[in-house]
């Protein structure tokens, strides 16, 4: 049977862990509500932008010539709309900078590895653009065996998704696509559902996909100076918004997963403390009884 000192040290250790998990739960709970509001506020804008882009793209029709030569790669919209045989695929992986978020990072990395393996079976190479320290550290090791490489690493946007940070990612990806270093780009992220659940998704970003639903522009609607000029503005906005939406969804999912994980850890710590307290009391009672027996036995021996 363990001695009292060992049990007492274990109790103190569990109590310290409980304080940490409870604090992390409270921090995540305070942040997740803001993240949830940001996701819900951005979804209507994303849906409306997608509908407008769909109408405009269907109206313009197919664009085969890459005539625009803008300084920024993301402004070369005809190149971003071109479809070509896929020899190298780019994957934007969105993870977190910190752990202790349940299976959040593991789920994203598992889906990424599965996607890389699927491409490899088709003879397609992969380049990764990774958001979050957890994804970077794990995928650096996995890439050695999977035959892929990490082309971009992004840390700050994992904690604080901003339009400025998103623009950097968008430009990097667009540059690789325009220079034909990659022929397709997908995002592996999580879709926030509610405080208790999320699910991992794979979004195609480039080449820009024509929507399945047909959207047509009102014949009375006019564009100034022309549809092509409007398209040159809306394509970068459309791509950037997809990535920004993915970052917001991922952040809300991460915080919800961390809050749930820390809540479960706190409950487990409380249960463990209860069991350790019972064990401590039993051990203490056994020690006292043993001392009494020894005293009585000694007194009887003297008598």
Original post:
Would you list 136, 292 from fewest to most Cβ contacts within 10 Å?
Top reply: 292, 136
Original post:
Spin-label point model (7 Å from Cα, Cβ direction): what's the residue 267 to residue 125 distance in nm?
Top reply: 4.9 nm
Original post:
Taking one equal scatterer on every alpha-carbon of the stretch 126-184, how large is log10 of I(q)/I(0) by Debye at q = 0.17 1/Å?
Top reply: -0.60
Subject >> Förster-model FRET efficiency, 35 Å R0, residue 159 and residue 229, C-beta, rounded to 0.05 >> reply: 0.45
Original post:
What are the principal axis extents of the Cα atoms in the stretch 22-261, in Å, biggest first?
Top reply: 58, 40, 31
Original post:
Can you tell which of 267, 137, 229 shows the greatest fluctuation in a Gaussian network model of the chain with Cα springs below 10 Å?
Top reply: 229
**OP:** Sum -39500 (n - 2.57) across every DSSP H segment of at least 4 residues in the chain, then divide by the residue count to get the 222 nm mean residue ellipticity, nearest 500.
**Re:** -22500 deg cm²/dmol
Subject >> FRET efficiency, 1/(1 + (r/R0)^6) with R0 51 Å, evaluated for residue 275 and residue 52 via beta carbons >> reply: 0.30
Original post:
Can you pull the Rg over Rh of the stretch 114-216, Cα-only, Kirkwood?
Top reply: 0.98
Subject >> Relative contact order computed over the stretch 5-142 (Cα-Cα under 8 Å; 6+ residues apart), in percent >> reply: 19 percent
**OP:** Arrange the following residues from fewest to most other Cβ atoms within 10 Å of their Cβ: 14, 295, 178.
**Re:** 295, 14, 178
Original post:
Among 184, 191, which comes first, second and so on when ranked by fewest other beta-carbon atoms within 10 Å?
Top reply: 191, 184
Original post:
How far apart, in nm, are two points set 7 Å out from the Cα along the Cα-to-Cβ line at residue 12 and at residue 38?
Top reply: 4.1 nm
**OP:** Using a Förster distance of 25 angstrom, determine the FRET efficiency expected from the C-beta separation of residue 193 and residue 45, and round it to 0.05.
**Re:** 0.80
Original post:
For the chain, what's the relative contact order in percent, using C-alpha pairs closer than 8 Å and at least 6 residues apart?
Top reply: 30 percent
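All of the numbers you see were taken from the coordinates with simple rules; none came from a lab. What you see is a predicted model; the values in this text were computed from it and never measured. Note that each Cβ is placed from the backbone with ideal geometry, even for glycine, and that neighbours are counted across all protein chains shown.
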